[in-house]
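The values are calculated or read from the model by the stated rules, or taken from the named source; none is laboratory data. Quick caveat, the model's predicted, so the values are computed rather than measured. Counting neighbours? That spans all protein chains shown, and the Cβs are built from the backbone with ideal geometry, glycine included.
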């Protein structure tokens, strides 16, 4: 017998057993937005500051190092000049060069700038300028063409041509003339620009007479033959420039005389630079240290030397130009 009872299907709906959804979050507060913005801004600013301080000094130091590594134009020109010049053209010996270089080095270390006056445009001109690159170096030469050509190739140099109206064979007469006028026209302390002494060089640019020279080198003009200009005027002018200005007690001037073993240079150095001021002689270079002198002094040296025995000095026939 069949049962008449029927099966019942029960269906479960998930939605009936789902928990109610959470309430929506509250809208963000304006204060929280503001705090987030402030923190972001200061974080970014700190990062940029840290990056700048780390990179700028290194770039500055690199630029400074690069600029300091560059040679001054005068030194670069000197290196190029001597690298391409025949060594046999050298005018002064290594010992003589070292003597002048030492004086320039001492001068530069004791003052902010060294004033260096050179009579003669010689093979060493670029060397002198380079050794005194932080100071002032002035060249005086007898040849207008030589000076013009030199400045054309080296415009950074300061050079002037001057007139020498003397001759080597006039040495004795000019010395007697100057000694007799040591208390007037040829006195040891004076402004040479207005001097009437025949040995004074008074056609240099005006500012040359106003400079307090620390080092003076007499390496010109020509003096190897009786009719060449000789260095009588150069030695006399150097001695007056070294003594004039500043009064007594001031620093002394280094005066170098090249070819000092020749009669003209030796006799005039003895008379106007004085043997007691001679520091040393190296090869053919005499080194004098000359002090300033009051304007009321009219004697170059405590003991005046005797004049040369003959009116025509013996001259070594060596080309020093």
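Numerical summary
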{"item": "Subset of the range 236-253 (residues that are surrounded by fewer than 24 Cβ atoms within 10 Å (Cβ to Cβ) and modelled with pLDDT of 95 or more)", "result": "241"}
{"item": "Among (1) out of contact with any helix residue (DSSP H, G or I) (no Cβ under 7 Å at 6 or more places or on another chain); (2) assigned to a strand (DSSP E or B), the one test that residue 216 misses", "result": "(1)"}
{"item": "Tally, over the range 254-306, of residues that are crowded, with 18+ Cβ neighbours inside 10 Å, out of contact with any helix residue (DSSP H, G or I) (no Cβ under 8 Å at 6 or more places or on another chain) and touching a residue at least 40 places away in the same chain (Cβ under 8 Å)", "result": "1"}
